[in-house]
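Right, one structure below, let's go through it.
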Amino acid sequence: MSSKMKKSEFFAPTRIISSTDCGQTLLRILEHEHPDRLAIMVDDNVASLPKVQQLLQVANHNAGPVTILEVAAIEPSTDLVDQHSAQLKDNPPDLLVGIGGGSTLDLAKAVSVLVFNPGRAAEYQGFDLMPNPGCPSVMIPTTAGTGSEVTPGAVVLNPKTKRKGAIAGPYISPNYAVLDPELTLSMPAHVVVATGVDALAHAVESFTARCANEMTKMYSSEAFRMISGSLPAILDGTDSFDLRRNQLLGATLAGVAICNSDTGACHSMAYPLGIYFGVPHGVAVALLLPHVIAVNIRKGARNYAKLTDMLSEDGVELSYEERCWQLQKFVTDLVPNDVPQFSLREYGISSAEIPELAERGLDLQTALDNNPVEFTVKDARYVLEQLV
């Protein structure tokens, strides 16, 4: 074997169950785990949905004492992790279930381990810093975007340092991910776009990442195929169960991909938009991705062409660069230009903020190092200038 061959590793510990009956699936998990004490953290935006109510009923009828915490659908902070962990420490659960969007799932994952460890959440932002494992966890997404249901990290904001960072490591990985497409039907249109493009960005950035390998690319490319084949139709109003299923499964596969090959400059730049101006992560990614891809193409990135080939056979005679631009156009066309939520000015960002945001957009060094080409502060300023 050549000494120059890239080292290949792959990590996917979560059992993924795709089902049209999440209630029955949860019942089977409860019968397998036999929890004496069960905790459920549910996004307050979806708590009243019939299927979520069904999940709560299954839990109440088939487990020991059940503690249900309704949590706000906001990006989690270290303070929120501490607050909700304190609610469970006196009677720690044997199993924790998270139901909601990516923020709720990240919060639930962090709580599932902090309950069993000393100190505060801010002390554990980093990789594999927690000395004790948490309880088993079940993540049930109601959006099709973040892939949090399978990732070994819980991204939280530290309000004191104004930095986002993941509480990460094997203990964070969920034991189960339950995928029920019907749960995603409650998403408003702008959330469908934001979460959908976030999932697409995971597929694209993990595929073109410097540390991608043959195994990660299998997940990235299949995720891209499923998302690119379903998201445009969903956004155009041609909705169906099959499309929703493919979008959700594609988002989960993309989550598995970023577990192993990470993201790139788009995700690095998205963080400060959320920290300083409250731009939802999916919205930030949806706005940034087309322009980051454009910068990367101009600087020589060519792996996008392999993804373009999945969109149609029309471009097979085109050059690699021309096929890359086809992908960039496909991503650009996904994001509506007439919806207020998809404007940085809507969040109070003006040209005066660009220099600082560009600098802060380079803070996530692991993602920048993984970008297919070098990405500089000049590139970050250019991208932001296209959006304000």
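Taken as a whole, the structure leaves Met226 outside the set of residues that are closer than 20 Å to Thr151 by Cβ and out of contact with any helix residue (DSSP H, G or I) (no Cβ under 8 Å at 6 or more places or on another chain). If I ask for residues that are surrounded by fewer than 18 Cβ atoms within 10 Å (Cβ to Cβ) and farther than 27 Å from Gly229 by Cα, which ones from region 330-346 would you list? Listed by number, the residues that qualify are Arg345, Glu346. Among the conditions (1) in contact with a Pro (Cβ under 6 Å, 6 or more places away or on another chain); (2) surrounded by fewer than 17 Cβ atoms within 10 Å (Cβ to Cβ), Pro65 misses just one, which is (1).
Yes or no: region 108-127 includes at least one residue that is without any contact (Cβ under 8 Å) to a residue 60 or more places away in the chain and of a type in the set (Val, Ile, Thr). Checked region 108-127: at least one residue is without any contact (Cβ under 8 Å) to a residue 60 or more places away in the chain and of a type in the set (Val, Ile, Thr).
The single condition from (1) open to solvent by less than 10 Å² (accessible area, probe 1.4 Å); (2) farther than 15 Å from Asp198 by Cβ that Val279 fails is (2).
Residues in region 310-342 that are among the small types (Gly, Ala, Ser) and at pLDDT below 80: Ser312, Gly315. For region 220-234, check the following and say yes or no: at least one residue is open to solvent by 10 Å² or more (accessible area, probe 1.4 Å), within 24 Å of Gly274 (Cβ to Cβ) and touching a Gly at 6+ places or on another chain (Cβ under 9 Å). No.
Evaluated against (1) buried (at least 20 other Cβ atoms within 10 Å of the Cβ); (2) closer than 18 Å to Ala177 by Cα; (3) free of Cβ contacts under 8 Å to residues at least 40 places away in the same chain, Leu27 falls short on exactly one condition, (1). Check whether at least one residue in region 213-226 is outside any helix (DSSP H, G or I) and either in contact with a His (Cβ under 7 Å, 6 or more places away or on another chain) or at pLDDT 90 or above (or both), and report yes or no. There is at least one residue in region 213-226 that is outside any helix (DSSP H, G or I) and either in contact with a His (Cβ under 7 Å, 6 or more places away or on another chain) or at pLDDT 90 or above (or both).
Restricting attention to region 285-294, the residues that are hydrophobic (A, V, I, L, M, F, W, C) and open to solvent by 10 Å² or more (accessible area, probe 1.4 Å) add up to 1. Selection of first residues in region 356-367 that are among the β-branched types (Val, Ile, Thr) and of second residues that are crowded, with 21+ Cβ neighbours inside 10 Å, restricted to Cβ pairs under 7 Å at least 6 apart or on distinct chains, gives the following pairs, ordered by first then second residue: Thr366/Asp262.
Is it the case, given these coordinates, that Asp90 is out of contact with any strand residue (DSSP E or B) (no Cβ under 6 Å at 6 or more places or on another chain) and without any contact (Cβ under 8 Å) to a residue 12 or more places away in the chain? Yes, satisfied. Only a single item in (1) surrounded by fewer than 23 Cβ atoms within 10 Å (Cβ to Cβ); (2) within 30 Å of Asp180 (Cβ to Cβ); (3) modelled with pLDDT under 95; (4) not hydrophobic (A, V, I, L, M, F, W, C) is not met by Ser261, and it is number (1). Scanning region 38-61 for residues that are crowded, with 16+ Cβ neighbours inside 10 Å and more than 28 Å from Glu75 (Cβ to Cβ) gives a single hit, Val58. When Glu317 is tested against (1) in a loop (DSSP other than H, G, I, E, B); (2) closer than 18 Å to Gly274 by Cα; (3) of a type in the set (Asp, Glu), only condition (2) is not met. Answer yes if at least one residue in region 351-365 is over 22 Å from the mean Cα position of the chain (by Cα), outside any helix (DSSP H, G or I) and either at pLDDT below 95 or crowded, with 18+ Cβ neighbours inside 10 Å (or both), and no otherwise. Scanning region 351-365 turns up no residue that is over 22 Å from the mean Cα position of the chain (by Cα), outside any helix (DSSP H, G or I) and either at pLDDT below 95 or crowded, with 18+ Cβ neighbours inside 10 Å (or both).
Conditions tested, residue by residue: (1) modelled with pLDDT of 95 or more; (2) in contact with a Pro (Cβ under 8 Å, 6 or more places away or on another chain); (3) open to solvent by 10 Å² or more (accessible area, probe 1.4 Å).
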site	(1), (2), (3)
Leu88	yes, no, no
Asp94	yes, yes, yes
Leu107	yes, yes, no
Ala110	yes, yes, no
Leu114	yes, no, no
Ala122	yes, no, yes
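The values are calculated or read from the model by the stated rules, or taken from the named source; none is laboratory data. No experiment lies behind these values; they were computed from the predicted model shown. Please note: Cβ atoms are built from the backbone with ideal geometry, for glycine as well, and neighbour counts cover all protein chains shown. When the accessible area is computed, the model is the full protein with side chains, heavy atoms only, and any ligands, DNA or RNA have been set aside. Shrake-Rupley method; radii C 1.70, N 1.55, O 1.52, S 1.80 Å.
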